[in-house]
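Novice: If you scroll down you'll find the structure; I have some questions about it.
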Amino acid sequence: MNIAQVRREYTKTKLSKKNVEPNPIDQFNVWLKDAIDSNCMEPTAMIVSSVSIQNKPSSRTVLLKAVEHGQFVFFSNYNSRKGVQINQNPNVSLLFYWPELERQINIEGQAHQISTERSDAYFNTRPWKSRIGAIISPQSQPIESRNVIKKSFIIEAAKHITDSIPRPSHWGGYEISPTRIEFWQGRANRLHDRILFDKNSEGFWEISRLAP
Ligand SMILES: Cc1cc2nc3c(=O)[nH]c(=O)nc-3n(C[C@H](O)[C@H](O)[C@H](O)COP(=O)(O)O)c2cc1C
């Protein structure tokens, strides 16, 4: 297998300063809608990268659950590896890749926990079994076997047959305030289009084109 020969040309469409929305959040919403309408697999999936206190980066996929007040929201376990890192260093990057559309969006910003009210509101919309899972999973911790989790699930589920399930305090949302958003559209001959929005010190978005 010669993986060096695995390549494809990107020819679907183009991107220029003239055909993007003046506000990158609006442009993000246009591309997200395109991804959903085009039946991209997991259109809301994004890779979140965080950095440890030893300056070591780590990445994982999560699902974007909202774009509110110009901020990107996802939910997780606050004690997970990412949770610990974000607590120590709020700088994160988010990466969306929609291969079907030959598009990528790269976002950098700072992550902070959302209010308990907002976390409660989303938690209560989750399927019953997902809520039980959020309570019992010590996400990112080593466990002896899958059985350990299965047992905890059954025991916890039995406690909530009749009552509502309160959100555990170790689980909730993060919102990312973006300072840099780059839109990438694949083009022929690797001469891709890259349009960058950078937030300046006065809080205004500055737009530029980057070399492919
Ligand atoms: C498509 C997909 C969606 C996922 N969505 C989430 C999510 O929304 N929240 C979450 O905590 N983990 C999600 N995960 C699991 C994470 O990738 C990761 O395994 C988990 O959050 C633990 O990461 P950490 O140990 O780096 O903190 C998802 C994984 C995949 C592949």
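Novice: Give me the aspartates and glutamates in straight-line cross-link reach of K65: C-alpha distance below 18 Å, same-chain residues under 8 apart excluded.
Specialist: In chain and number order, the partners are D26, D34, D37, E42, E108, E117, D120, E175.
Novice: Tally Lys and Arg at +1 and Asp and Glu at -1 over the other residues with C-beta under 13 Å from the C-beta of H69: what net charge comes out?
Specialist: Its environment carries a net charge of -1.
Novice: Hey, got the dipole for the chain? About the Cα centre, +1 on K and R Cβ, -1 on D and E Cβ, debye to the nearest 20?
Specialist: Values: 28 positive and 21 negative charges, 140 e Å.
In total the dipole reaches around 680 debye.
Novice: With only Lys, Arg, Asp and Glu charged, each at its Cβ (+1 for the first two, -1 for the last two), find how big the charge dipole of region 102-168 is about the Cα centre; round to the nearest 20 debye.
Specialist: 300
Novice: What is the percent of Cα-Cα separations in the chain that go past 23 Å?
Specialist: 55
Novice: Taking 25 Å as R0, compute the FRET efficiency from the Cβ-Cβ separation of N23 and W128 and round it to 0.05. Mind showing how you got there, number by number?
Specialist: Working: r = 38 Å, r/R0 = 1.53.
Result of the calculation: an efficiency of 0.05.
Novice: Mind checking the full-extension length gain between H69 and L191? Use 0.36 nm per residue of separation minus the Cα-Cα distance, one decimal, nm.
Specialist: Length difference between fully extended and current span is 40.5 nm.
Novice: Per-residue HN-Hα couplings for region 204-210, Karplus 6.51 cos²θ - 1.76 cosθ + 1.60 at θ = phi - 60°, whole Hz, x for Gly and Pro?
Specialist: Calculated HN-Hα couplings, in order: 9, 7, 10, 10, 8, 9, 9 Hz.
Novice: Within region 150-212, which chymotrypsin sites (Phe, Trp or Tyr not before Pro) sit in a loop by DSSP and count at most 10 neighbouring Cβ atoms inside 10 Å? Don't skip to the end; give the middle numbers.
Specialist: Numbers: sites: F153, W171, Y174, F183, W184, F197, F204, W205; in loops: F204.
Sparse-neighbourhood loop chymotrypsin sites (Phe, Trp or Tyr not before Pro): F204.
Novice: Apply the Karplus parameterisation 6.51 cos²θ - 1.76 cosθ + 1.60, with θ equal to phi minus 60°, to every residue of region 173-188 and state each ³J(HN,Hα) to the nearest whole Hz, in sequence, with x for glycine and proline.
Specialist: x, 10, 10, 10, 8, x, 10, 8, 9, 10, 9, 10, 10, x, 10, 5
Novice: Evaluate region 126-166: find the radius of gyration of its Cα atoms, find its Kirkwood radius, and give the ratio Rg to Rh.
Specialist: Using only Cα positions, Rg/Rh for region 126-166 is 0.98.
Novice: Need one number: nm distance between label points at D37 and H160, each 7 Å from Cα along Cα→Cβ, rounded to one decimal.
Specialist: 3.7
Novice: Which of I143, T162, W128 sits farthest toward the positive end of the charge dipole of region 126-166, with +1 on the Cβ of Lys and Arg and -1 on the Cβ of Asp and Glu?
Specialist: Result: W128.
Novice: Can I ask one more? Average the reciprocal distances over every distinct pair of alpha-carbons in region 70-181, invert the result, and give the Kirkwood radius in Å.
Specialist: For region 70-181, inverting the mean 1/r across all distinct Cα pairs yields 15.8 Å.
Novice: Also, I was wondering about something else. Taking K and R as +1 and D and E as -1, what net charge do the other residues with C-beta under 9 Å from the C-beta of T179 add up to?
Specialist: Around T179, the charge tally is 0.
Novice: How much length is gained on full extension from S145 to I47, taking 0.36 nm per residue of separation minus their Cα-Cα distance?
Specialist: Going from the current span to full extension adds 32.6 nm.
Novice: Counting only protein chains, not ligands or nucleic acids, how are E102, E206 ordered by accessible area (probe 1.4 Å), most first?
Specialist: The residues order as E206, E102, largest area first.
Novice: While we're looking at this one, here's another question. What's the magnitude of the charge dipole for region 116-212 around its Cα centre, counting Lys and Arg as +1 and Asp and Glu as -1 at the beta-carbon? Answer in Debye, nearest 20.
Specialist: For this selection, approximately 500 debye.
Novice: At what distance in nm do the modelled label points of L210 and Q54 sit from each other, each positioned 7 Å from its Cα along Cα→Cβ?
Specialist: 2.8
The values are calculated or read from the model by the stated rules, or taken from the named source; none is laboratory data. Please read these numbers as outputs of a predicted model, since none were measured by experiment. We place every Cβ from the backbone using ideal geometry, glycine too, and count neighbours over all the protein chains shown. What goes into the accessible areas is simple: the full protein's heavy atoms, side chains included, and nothing from ligands, DNA or RNA. Shrake-Rupley method; radii C 1.70, N 1.55, O 1.52, S 1.80 Å.
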